[in-house]
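Q: Below you'll find the structure I mean.
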Amino acid sequence: MMKEIRHVLVGTDFDEGSNAALEAALAMARAFRARLTLVHVVAPPPSAYALYAEGLSWPADEMNVQAERVLAVALEKARAVHPEVAGSLRLGAPWEEIVRAASELDAQLVIVGTHGRKGLSRVLLGSVAEKVVRTSPVPVLTVPLERP
């Protein structure tokens, strides 16, 4: 038996796939009269790049400021549709932070978009959605990017 859905969490990187997931999350949150949390994760550069980036600095502060701005705009738009919307900005591996947020914030449903990567790009970049599905303690709804 599935638990009552009181809190929906949506992972977003503010791209087209995430926007589709946000639309689905807003619809689910309204249908269940549930709270909604938008989670955006600022990912540090992979450690493999450190070998090539000696002497270069990663603009983490600037990235955080920009992420906060974009999240604030997304929250404002979402609240126009559903008033019970919160945001969470995190630092780390996106799939890990989305799963951690689901546990910490007591979400009953996680929604993520999929990019539909195939081949080498999927092997190299991995799939955040796939890792969330495999490791999430709660049900995950994946929303594919609709292609014209």
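Q: Residues being modelled with pLDDT of 90 or more and touching a helix residue (DSSP H, G or I) at 6+ places or on another chain (Cβ under 8 Å): count how many of those fall in segment 43-91. Steps first, answer last, please.
A: Our first condition is that a residue be modelled with pLDDT of 90 or more; within segment 43-91, this holds for 66-91.
Checking the rest, the ones that are also touching a helix residue (DSSP H, G or I) at 6+ places or on another chain (Cβ under 8 Å) come to 74, 78, 81-82, 84-91.
Going through segment 43-91 one residue at a time, the tally reaches 12.
Q: Among the residues of segment 1-44, write down those that are surrounded by 14 or more Cβ atoms within 10 Å (Cβ to Cβ) and among the small types (Gly, Ala, Ser). Write out each step before concluding.
A: The initial filter retains those residues of segment 1-44 that are surrounded by 14 or more Cβ atoms within 10 Å (Cβ to Cβ), namely 5-14, 17-30, 32, 34-43.
Across segment 1-44, the qualifying residues are Gly11, Gly17, Ser18, Ala20, Ala21, Ala24, Ala25, Ala27, Ala29, Ala34, Ala43.
Q: If you go through segment 5-22 one residue at a time, how many are out of contact with any helix residue (DSSP H, G or I) (no Cβ under 8 Å at 6 or more places or on another chain) and of a type in the set (Asp, Glu)? Spell out the reasoning first.
A: Keep residues of segment 5-22 that are out of contact with any helix residue (DSSP H, G or I) (no Cβ under 8 Å at 6 or more places or on another chain), which gives 7, 15-21.
Next, only the ones that are of a type in the set (Asp, Glu) stay: 15-16.
Of the residues in segment 5-22, 2 are out of contact with any helix residue (DSSP H, G or I) (no Cβ under 8 Å at 6 or more places or on another chain) and of a type in the set (Asp, Glu).
Q: From Ala74, Ala80, Ala86, Ala67, which residue is of a type in the set (Gly, Ala, Ser), more than 15 Å from the chain's Cα centre (by Cα) and either closer than 22 Å to Ala24 by Cα or not in a strand (DSSP E or B) (or both)?
A: Sole residue among the options that is of a type in the set (Gly, Ala, Ser), more than 15 Å from the chain's Cα centre (by Cα) and either closer than 22 Å to Ala24 by Cα or not in a strand (DSSP E or B) (or both): Ala80.
Q: Can you pull out every residue in segment 3-36 that is in contact (Cβ under 8 Å) with a residue 40 or more places away in the chain, in a loop (DSSP other than H, G, I, E, B), within 16 Å of Ala107 (Cβ to Cβ) and not acidic (Asp, Glu)?
A: Lys3, Ile5, Arg6, Thr12, Ala34
Q: Filter segment 115-148 down to the residues that are among the hydroxyl-bearing types (Ser, Thr, Tyr) and within 25 Å of Arg33 (Cα to Cα), then identify the one that is modelled with the lowest pLDDT.
A: Thr142
Q: Continuing with this model, one more query. Can you pull out the residues in segment 100-113 that are in a helix (DSSP H, G or I) and either farther than 22 Å from Ala34 by Cβ or in contact with a Pro (Cβ under 7 Å, 6 or more places away or on another chain) (or both)? It would help to see each step written out before you state the result.
A: Let us first name the residues in segment 100-113 that are in a helix (DSSP H, G or I), namely 100-104.
Within segment 100-113, Ala102, Ser103 meet the criteria.
The values are calculated or read from the model by the stated rules, or taken from the named source; none is laboratory data. Owing to the predicted nature of the structure, the values given are computational and were not obtained by experimental measurement. Cβ coordinates were reconstructed from backbone atoms using ideal geometry, including for glycine residues, and neighbour counts include every protein chain displayed.
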